[in-house]
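**Q** After the structure tokens below, expect a handful of questions from me.
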Amino acid sequence: MDTFQALVARQDGDRISASVETLTESDLPPGEVTIQVLYSSVNFKDALALTPGGGVVRNYPPTGLVPGIDLTGQVVESRSPDFAVGDSVLAHGYEIGTGHHGGYAEYARLPADQVVALGAISPHDGAAIGTAGFTAAMSVQALIDWGIKADAGPVVVTGASGGVGSVSVDLLAGAGYQVVASTGKKSAVELLKALGAVEVIGRLPADPDAKPRPLAKARWAAAVDCVGGATLADVLSAVDYRGAVAASGLTGGAGLHTTVMPFILRGVALLGIDSVQLPIGPRRELWARLGDSLRPRHLGQITTEVDVKDVVGVLDQVRAGAFTGRAVVRVAGGF
């Protein structure tokens, strides 16, 4: 570990570039757990981290920043009683990959209270689930906790071909829900049906030029919204009495132009989903369920692999909305 390879992002004016560099152990930040990284993944936030004005990296240090908001691997050094050398672990959220060197490097060092034992999940599958899959699991669990039963009626997933959306479809269908997948990609229809969607529809709203209605005919028992903006407003207007929407996305915009009608006339709940600052206790508990009762059934069907040295091209696809499913990033041997 005297020297190791890393993808390092640097900012020069209004330009952000990323290239493979050789780092030393002294470049690793403080922390109790040092990890040999095996895999990372690609998330929309990773693309924003390499986008000028993306809003997820406050300042690029002069020495550069290693992107990659999640990672899996093996502990090679530990000053924490919770982890031993050889343990398989993962980490994501907090400032990993945005304010603290992340997963696109052969080694990472993190505080112990940001690390999760993988348990029954392999490092590859942990990365395939990754931040996006964990966000999907949080969304599904939020609907379950709100009291949405599997027989309540259709549950719509917007942005269904993306990382959060595709895993949400898989998890909801596996739990017995009637899933309607909403996507603008005709090429993803068969995949979404294979994941368990009973119906695949186009983007919402169906007519983007139509004037939004405060309340539409009740259509959904609940929703997982990965888009935001006009899509979220449309979904909220069509959720049935005492339904809920778990919202985590803003690819459709950060604005929400709606009214109070769904909330005060139908008792609809808008459940905000944030996987970044979730405390480590419930984070570890949910990962344990992802290895057991909430385990995705079709990771192999939604996952592609890319070497870390080639990941920038995939990030460009994600930024353009042209990527479907999840991308696992090979870090060990990927430089």
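Residue-wise test of (1) out of contact with any Asp or Glu (no Cβ under 7 Å at 6 or more places or on another chain); (2) under 19 Å from LEU270 (Cα atoms); (3) not in a helix (DSSP H, G or I).
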residue: ASP145; (1), (2), (3): yes, yes, no
residue: ALA152; (1), (2), (3): yes, yes, yes
residue: VAL155; (1), (2), (3): yes, yes, yes
residue: GLY159; (1), (2), (3): yes, yes, yes
residue: SER168; (1), (2), (3): yes, yes, no
residue: GLY184; (1), (2), (3): yes, no, yes
residue: ALA188; (1), (2), (3): yes, no, no
residue: LYS193; (1), (2), (3): yes, no, no
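**Q** Right, another one. Going by the structure shown, is ASP292 outside the structural domain of SER161 (by the TED database) and in contact with a Gly (Cβ under 9 Å, 6 or more places away or on another chain)? Let's see the steps before the verdict.
**A** Working: outside the structural domain of SER161 (by the TED database): yes; in contact with a Gly (Cβ under 9 Å, 6 or more places away or on another chain): yes.
Criteria met by ASP292.
**Q** Looking only at the stretch 195-225, count every residue that is of a type in the set (A, V, I, L, M, F, W, C) and in a loop (DSSP other than H, G, I, E, B) and tell me the total. Reasoning before the result, please.
**A** Applying the first criterion (of a type in the set (A, V, I, L, M, F, W, C)) to the stretch 195-225 yields 195, 197-198, 200-201, 204, 206, 210, 215-216, 218, 220-224.
From what is left, the residues that are in a loop (DSSP other than H, G, I, E, B) are 197-198, 204, 206, 210, 215-216, 218.
Within the stretch 195-225, residues that are of a type in the set (A, V, I, L, M, F, W, C) and in a loop (DSSP other than H, G, I, E, B) number 8.
**Q** For ALA327, are the conditions met, namely being part of a helix (DSSP H, G or I), touching a Ser or Thr at 6+ places or on another chain (Cβ under 9 Å), in contact (Cβ under 8 Å) with a residue 12 or more places away in the chain and open to solvent by less than 50 Å² (accessible area, probe 1.4 Å)?
**A** No.
Yes/no matrix, rows are residues, columns are (1) surrounded by fewer than 19 Cβ atoms within 10 Å (Cβ to Cβ); (2) outside the structural domain of LEU90 (by the TED database); (3) assigned to a helix (DSSP H, G or I):
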{"position": "VAL245", "(1), (2), (3)": "no, yes, no"}
{"position": "ALA254", "(1), (2), (3)": "yes, yes, no"}
{"position": "HIS257", "(1), (2), (3)": "yes, yes, no"}
{"position": "ILE264", "(1), (2), (3)": "yes, yes, yes"}
{"position": "GLY267", "(1), (2), (3)": "yes, yes, no"}
{"position": "GLN277", "(1), (2), (3)": "yes, yes, no"}
{"position": "ARG283", "(1), (2), (3)": "no, yes, yes"}
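**Q** Here are some residues: TYR94, TYR107, TYR60. Which one is over 19 Å from GLN277 (Cβ atoms) and touching a helix residue (DSSP H, G or I) at 6+ places or on another chain (Cβ under 9 Å)? Reasoning before the result, please.
**A** Values: TYR94 fails: over 19 Å from GLN277 (Cβ atoms); TYR60 fails: touching a helix residue (DSSP H, G or I) at 6+ places or on another chain (Cβ under 9 Å).
Exactly one of TYR94, TYR107, TYR60 is over 19 Å from GLN277 (Cβ atoms) and touching a helix residue (DSSP H, G or I) at 6+ places or on another chain (Cβ under 9 Å), namely TYR107.
**Q** From ASP87, ASP70, ASP82, which residue is within 26 Å of LEU250 (Cβ to Cβ) and of a type in the set (Asp, Glu)?
**A** Working: ASP87 fails: within 26 Å of LEU250 (Cβ to Cβ); ASP82 fails: within 26 Å of LEU250 (Cβ to Cβ).
That would be ASP70, the only listed residue that is within 26 Å of LEU250 (Cβ to Cβ) and of a type in the set (Asp, Glu).
**Q** Moving to a separate point now. Criterion first (modelled with pLDDT under 95 and in the same structural domain as VAL57 (by the TED database)) does GLY321 satisfy it?
**A** yes
**Q** Ok, one more. Go through the stretch 195-218 and count every residue that is open to solvent by 50 Å² or more (accessible area, probe 1.4 Å) and either β-branched (Val, Ile, Thr) or closer than 17 Å to GLN301 by Cα (or both).
**A** 1
**Q** Looking at the stretch 20-46, I want the residues that are under 30 Å from GLY228 (Cα atoms) and among the basic types (Lys, Arg) and have a partner that is open to solvent by less than 40 Å² (accessible area, probe 1.4 Å) and outside any helix (DSSP H, G or I) with Cβ atoms under 9 Å, at least 6 apart or on another chain. Which pairs are those?
**A** LYS45/GLY54; LYS45/VAL56; LYS45/ILE69; LYS45/GLY97; LYS45/THR98; LYS45/VAL276
**Q** Give me the strands (runs of 3 or more DSSP E) completely within the stretch 31-132, filtered to those with at least 2 residues that are among the polar types (S, T, N, Q) and either more than 23 Å from SER293 (Cα to Cα) or open to solvent by less than 50 Å² (accessible area, probe 1.4 Å) (or both), ordered by residue number.
**A** Working: elements: 33-41, 70-78, 88-92, 107-110.
Hits in the stretch 31-132: 33-41, 70-78.
The values are calculated or read from the model by the stated rules, or taken from the named source; none is laboratory data. Keep in mind that what you see is a predicted model, and the values were worked out from it rather than measured. Here the Cβ is made from the backbone with ideal geometry for all residues, glycine too, and neighbour counts use every protein chain on show. Side chains included, ligands, DNA and RNA excluded: accessible areas come from the protein's heavy atoms. Shrake-Rupley method; radii C 1.70, N 1.55, O 1.52, S 1.80 Å.
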